[in-house]
Each structure stands twice: as structure tokens, then as C-alpha cells.
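The structure under discussion appears below in the form of C-alpha cells.
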Amino acid sequence: MSCDRSDKPERGAELSRRDLLRSGAAVATLTLAPGVTLMAFGGSPADAAGRADAGKRWGLLIDVSRCDPDCDACVTACQVENGWKDEGNPETDAQWIRKVTLKNRDTGRKVSMPVMCQHCEKPPCVDVCPTGASFKRVDGIVLVDKHICIGCRYCMMACPFKARSFIHEKHVNQKSWAPRGKGTVESCTLCVHRVDTGRIPACVEACEATGNRAIIFGDLKDPNSEISKRVAEYSSIALRADLDLNPGVRYSNL
Amino acid sequence: MARILLILTLVFGMAGAGTAGEDGSGLWPDIPKATGEPHPEGNEWWRKNHPKLLLHDRDLTMRQGERQVQASLKSCFECHAVKDEAGNYATYENGQNFCRVCHDFVAVKVDCFMCHRSTPDGVDESALEAFTTPPAMPKGRGPDSIIAYLERLERVPLASADAGTEAGQ
């Protein structure tokens, strides 16, 4: 994988896109207001502090050199948080995040790293979805709206990262914050239920707790955030940078 | 749809007058009591508007990340959790579940609980899903009522046309 190919052009695009999204957000608020009044929604703008913000773009920076090949704390944390697990059917079991080992054939260097939904700026899964169930929130988080997902699995074919899973079996005992059921597609939500309430994703929390601190979470649009400073200062790459998807998840020291 | 609404208006219009399920006629579903604060909009408003409200707020949460909403599906069971005679929480598979009692009565089916849990967080649903109790039906109106009716008919002598009509009522 070549380094930094997409870095410079991305930055330029980011600026104009930001302005565009800002104006888009203003329109959304306007059109939303009458509906809210109609439904007698009693919240004030202050109550709405947690809602998706077009001024942000949430992302992850994964420092591969800090990722321990024997550690899967992020995977376990994701399973516990979102209620998916190894059901003994490797072909069909859901995998929101997985540990991947890469070996450079020429040098023999071996690295281990977590791969999950890369939360692309231009997500192919959204492009191919026939119902609009695959969508990107204004803050860059790519989700499946399972309420309108028909389980066609086009998105699974389109995703270059194999990040999505289809639920083959009936489920009970879901977490109230992570409903999941047979016949729909799912993937990493960047723990949207946590982010909306001011908390960091479960994998990031778990990685920090191990002391490895291989995953950093933050707002890529805020130039003062730790993640923005690091991607500005050190080289990091997008997986499959050749596809020009500008993922929100980036890898350093790969 | 229009018919359901008509039935609803009839049924719940009267229920609003304070006779819900309590006059013994079996015309009303016996809606399980809730805990916590009642809805400021009132029961009648919620009976009518909860489907629309749930879908409206679902989209707010799903699409806009708005989580301070009026109707959050996961919140319903904080106050509307029902336990059956055995003391177990009633999941949506169980006819005694808060939503099921009404929905069975008006022949509404929702798929929400394929994905969403229908008991408070922390309750082990896997044990509860295995057994399902039919909703408590007033006597003579349960699933066995056809058999009971046919048995009643058989006891009526064939020759008597009058008695036949009577038994059929």
C-alpha cells in the first residue's frame, strides 16, 4: 500500500464540503421544525445537544505499531457492547470488527490491526442500496437503517472492506441500544448510541484500558482535535486509498 | 384500517368514561397497569397516536441522532414491563405483554421485537421466549370456544329448528 496518496486532494475537498454540509444542516433544521411542533415534541434546542452535527466528522486513527497481535480487547468490547458473538458458523457469523494480520511478502514484516466499517466519505454501500437503508449521517457515521433494510445484501458486495454482516438467525436478548434481528444487514455503528450521548466507542475505550492506546477517536473536522493533529503531522493511510473513498478510519505505521 | 379505527373509537371512547375492561362483558382488553408517571397527553391520546409517534421518533433517532424524544421504544418497558403469574417478565412472544394485550385484541401485528427487546435491559429473554401463554381471554371467548360451541350444538336435538337457532346465538 502506498502512503499518503489521497492526503492532499482530500484536504482541499474537505473545506468546500464543510461549507456545503453546514448550509444543508440549516435547511434540515428549518424543515424539521414544523414536524416537531406537529408531533408536540417538548424538547428545547439545548436538549438536542447530542444530535448528529454536520460540523463534525467522527473518525478513528489506528496506530498499527501499537496494536498487540495477541490482543483482541477491541473485538470483545464490541461484542459485549453490541450483543453479537461467535455462534460457531464462521461463514455467516456477524463480525462488526475483526483482527487482521498482514505480512509483507518482501520484508517479512507482520502486523496485526483491527478492521471495521471504515465510515467512508463516499460509501459504496450507500450508492448501491436500493431502499435508502444504507446512509451516512451528517457527522460522517455510516449506518444501516434496519427499519427499511430488505436484506438484499448489495451493500455487502459493494463494501471493499468486507465490513458488513447479514443476520441469518433469529435473535433474542439484544441490547436495548443495539437492536438486531434476522434478515437485515449490520455493521460497526461507531457506537453511535454512545457518541450521541457524549461517550467514546467501546473499542476505543477498551484499547485505552489495555494501555496500548492503538485506536484514537475524534473529530476530523476540528483542526485542534488530537486525531486531526496527528493525521496532519504524521503519515497515515486509508485502506484501499486507490478507491478514493476517503474513509473516516485511517491507519498509521502500516 | 377505517374499521379498526371505528372499533377503537367505540371501544376506547367508552373506556375513556372509566369502564375499561372492568364491566365483565369481555368487550375490552384488560390493559396491564403501568408504573411511573402517566403520559401528560393522556391515555386516550397515546392509544391513538403511539404508532405514528414511534415511527416519527424512530426516524429522528436513527437519522438525526436525536435521542431526547417523546417515544423511545426502549423506554416503553421501563414503565410498561408486565410480569405473568409465574413472576416472569412477559416478552412480546407472551400474550400478556403490554403491547400484545391490545394488539391481539385489535388484530395488529408488529415486527419491532424481532430486533428490539420487549423487556427491560438486564432481563434474560432467552429463557422467557421458550414458553408462550395465550392472552387471558374472558370465559367462552378463548381459543377453545369453537369446540365448546360445537359441543353445545350437538346437545341440541336435530328435530327442533327453534332450539338450533337459539343455540347458535
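The values are calculated or read from the model by the stated rules, or taken from the named source; none is laboratory data. It should be emphasised that the depicted structure is a prediction, and the values quoted were computed from it without experimental measurement. Methodologically, a virtual Cβ is constructed for each residue, glycine included, from the backbone with ideal geometry; neighbour enumeration extends over all protein chains shown. For accessibility, only protein heavy atoms count, side chains too; no ligands or nucleic acids. Shrake-Rupley method; radii C 1.70, N 1.55, O 1.52, S 1.80 Å.
Criterion first (surrounded by 20 or more Cβ atoms within 10 Å (Cβ to Cβ) and more than 30 Å from B:Gln68 (Cβ to Cβ)) does A:Ala232 satisfy it?
no
Filter segment A:179-188 down to the residues that are at the interface with chain B (Cβ under 9 Å from one of its Cβ atoms) and either in contact (Cβ under 8 Å) with a residue 60 or more places away in the chain or open to solvent by 50 Å² or more (accessible area, probe 1.4 Å) (or both) and list them by number.
Of everything in segment A:179-188, those that are at the interface with chain B (Cβ under 9 Å from one of its Cβ atoms) and either in contact (Cβ under 8 Å) with a residue 60 or more places away in the chain or open to solvent by 50 Å² or more (accessible area, probe 1.4 Å) (or both) turn out to be A:Arg180, A:Lys182.
Could you pull out the residue among A:Thr131, A:Thr101, A:Thr107 that is within 14 Å of chain B (Cβ to nearest Cβ) and free of Cβ contacts under 8 Å to residues at least 40 places away in the same chain?
A:Thr131
Determine whether A:Asp222 is more than 14 Å from chain B (Cβ to nearest Cβ) and assigned to a helix (DSSP H, G or I).
Here the answer is no, as A:Asp222 does not meet what is asked.
Take residues that are modelled with pLDDT of 95 or more and of a type outside the set (Asp, Glu) and tell me which of the helices (runs of 4 or more DSSP H) falling wholly in segment B:1-111 contain 1 or more.
B:43-64, B:73-79, B:98-106
Please work out which residue is surrounded by the most Cβ atoms within 10 Å (Cβ to Cβ), limiting yourself to segment A:23-43 and to residues that are within 11 Å of chain B (Cβ to nearest Cβ) and either modelled with pLDDT of 95 or more or part of a helix (DSSP H, G or I) (or both).
Restricting to residues being within 11 Å of chain B (Cβ to nearest Cβ) and either modelled with pLDDT of 95 or more or part of a helix (DSSP H, G or I) (or both), the top hit is A:Val36.
Within segment A:134-155, track down each residue that is more than 13 Å from chain B (Cβ to nearest Cβ) and within 17 Å of A:Trp96 (Cβ to Cβ).
Within segment A:134-155, A:Arg153, A:Cys155 meet the criteria.
Determine which single condition A:His193 fails, assuming it passes every other condition in (1) out of contact with any Phe, Trp or Tyr (no Cβ under 7 Å at 6 or more places or on another chain); (2) part of a helix (DSSP H, G or I); (3) at the interface with another protein chain (Cβ under 8 Å from one of its Cβ atoms); (4) of a type outside the set (Lys, Arg).
A:His193 satisfies every listed condition except (1).
Are any residues in segment A:134-156 among the hydrophobic types (A, V, I, L, M, F, W, C), without any contact (Cβ under 8 Å) to a residue 40 or more places away in the chain, out of contact with any Pro (no Cβ under 9 Å at 6 or more places or on another chain) and open to solvent by 50 Å² or more (accessible area, probe 1.4 Å), and if so, which ones?
A:Ile148, A:Met156
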